[in-house]
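The values are calculated or read from the model by the stated rules, or taken from the named source; none is laboratory data. Small disclaimer: the values here were computed from a predicted structure and weren't measured. With ideal geometry, Cβ positions are generated from the backbone for all residues, glycine too; neighbour counts draw on all protein chains shown.
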Amino acid sequence: MNKSNRSTATLPRGDFSRGPGKSLTKEQRDEERLERLTLAAFDLFTERGFSHTPIELLCSTANVSTRDFYKLGKNREALMAQVYQRVARFAETCVLQALASAPVDDWDARLDAAIDAWVHAYTHDERYARLSYLDSVGVSDELEQIRSEAHERFAALIRNEFHQRFPENDKVLAGKLPVAIIGACNELVRDWLGTRPRPSPEALTREIKLLYGVIIQGLEA
């Protein structure tokens, strides 16, 4: 990604606003330190790689002392898990907002809107996709559990939306089909990341919609 794009896109921030003149409690100071560390971790992990980002660099970038870092009870693996979870929640929010704005009685439009939002969440800044599908893989058991939970939330969302269109296929949808759809979409993103020259996000969107089209044809058969 070029520098101009990277300067305008970063990890969504948490809400740590406070009223004017109010001092922070210890818990709020710790939350702000963790927020700065999370944002620094996103930038450094995606720029240098997880294994090449020492704790000292994370702390200096976040303006947090190493003493305060260890008092938070964190390590690099925990920060990567924190960053991954933030990205996954952002993608989930994008999809839910798209569905909330889509026509309730137009299933095809809802599917298109959800796919567009999901692809945008990971490709508006390709670091989101790289961190989620490449950099974070195998970092820790904790992160893999968070990844599994994120996949299950998306599987439940797919299951619910498909039930509206195919109520007669409850047994199929109650099985592993939604999980398989997620796995296929994830592999398409990994393939997109590894292809040179990099296809456009629109090309990735078309491939995912083609995948869903094949699945829909199978359910309609």
Could we say that Val83 is among the β-branched types (Val, Ile, Thr) and touching an Asp or Glu at 6+ places or on another chain (Cβ under 8 Å) here? no
When the residues of region 179-205 are filtered to those that are surrounded by 14 or more Cβ atoms within 10 Å (Cβ to Cβ) and among the charged types (D, E, K, R), which remaining residue is farthest from Ala113 (Cα to Cα)? Arg198
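Being assigned to a helix (DSSP H, G or I), of a type outside the set (Asp, Glu) and more than 12 Å from the chain's Cα centre (by Cα) is the filter here; which residues of region 135-147 pass it?
Initially, region 135-147 is screened for residues assigned to a helix (DSSP H, G or I), giving 135, 141-147.
In the following step, the residues that additionally are of a type outside the set (Asp, Glu) were identified as 143, 145-147.
If the condition is that a residue be assigned to a helix (DSSP H, G or I), of a type outside the set (Asp, Glu) and more than 12 Å from the chain's Cα centre (by Cα), then Leu143, Gln145 are the ones that fit.
Every residue, every condition in (1) under 12 Å from the mean Cα position of the chain (by Cα); (2) part of a helix (DSSP H, G or I); (3) small (Gly, Ala, Ser), yes or no:
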residue	(1), (2), (3)
Val87	yes, yes, no
Gln97	no, yes, no
Asp112	no, yes, no
Ala117	yes, yes, yes
Ser132	yes, yes, yes
Go through region 132-152 and report how many residues are surrounded by 15 or more Cβ atoms within 10 Å (Cβ to Cβ) and not acidic (Asp, Glu). 10
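I'd like to check something: does region 175-189 contain any residue that is more than 20 Å from the chain's Cα centre (by Cα) and either part of a helix (DSSP H, G or I) or of a type in the set (S, T, N, Q) (or both)? Working first, answer last.
First, the residues of region 175-189 that are more than 20 Å from the chain's Cα centre (by Cα): 175-177.
From what's left, either part of a helix (DSSP H, G or I) or of a type in the set (S, T, N, Q) (or both): 177.
Taking every residue of region 175-189 in turn, at least one turns out to be more than 20 Å from the chain's Cα centre (by Cα) and either part of a helix (DSSP H, G or I) or of a type in the set (S, T, N, Q) (or both).
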In region 46-72, the residues that are in contact (Cβ under 8 Å) with a residue 40 or more places away in the chain and surrounded by 15 or more Cβ atoms within 10 Å (Cβ to Cβ): Thr46, Phe50, Leu72
Looking at Lys171 and the list (1) modelled with pLDDT under 95; (2) surrounded by fewer than 13 Cβ atoms within 10 Å (Cβ to Cβ); (3) touching a helix residue (DSSP H, G or I) at 6+ places or on another chain (Cβ under 9 Å), which single condition is not satisfied? (3)
Pairs under 6 Å by beta carbon, first residue within 24 Å of Glu220 (Cα to Cα) in region 170-199, partner of a type in the set (Lys, Arg), six or more apart or different chains? Leu173/Arg159; Pro178/Arg159
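To keep it simple, each residue is scored yes or no on (1) in contact (Cβ under 8 Å) with a residue 24 or more places away in the chain; (2) surrounded by fewer than 18 Cβ atoms within 10 Å (Cβ to Cβ); (3) closer than 22 Å to Thr195 by Cα.
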site: Lys74; (1), (2), (3): yes, no, no
site: Gln82; (1), (2), (3): yes, no, no
site: Val104; (1), (2), (3): no, yes, no
site: Arg110; (1), (2), (3): yes, no, no
site: Arg127; (1), (2), (3): yes, no, yes
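With respect to Glu168, is the statement that it is part of a helix (DSSP H, G or I) and within 16 Å of Ala88 (Cα to Cα) true?
Details: part of a helix (DSSP H, G or I): yes; within 16 Å of Ala88 (Cα to Cα): no.
No.
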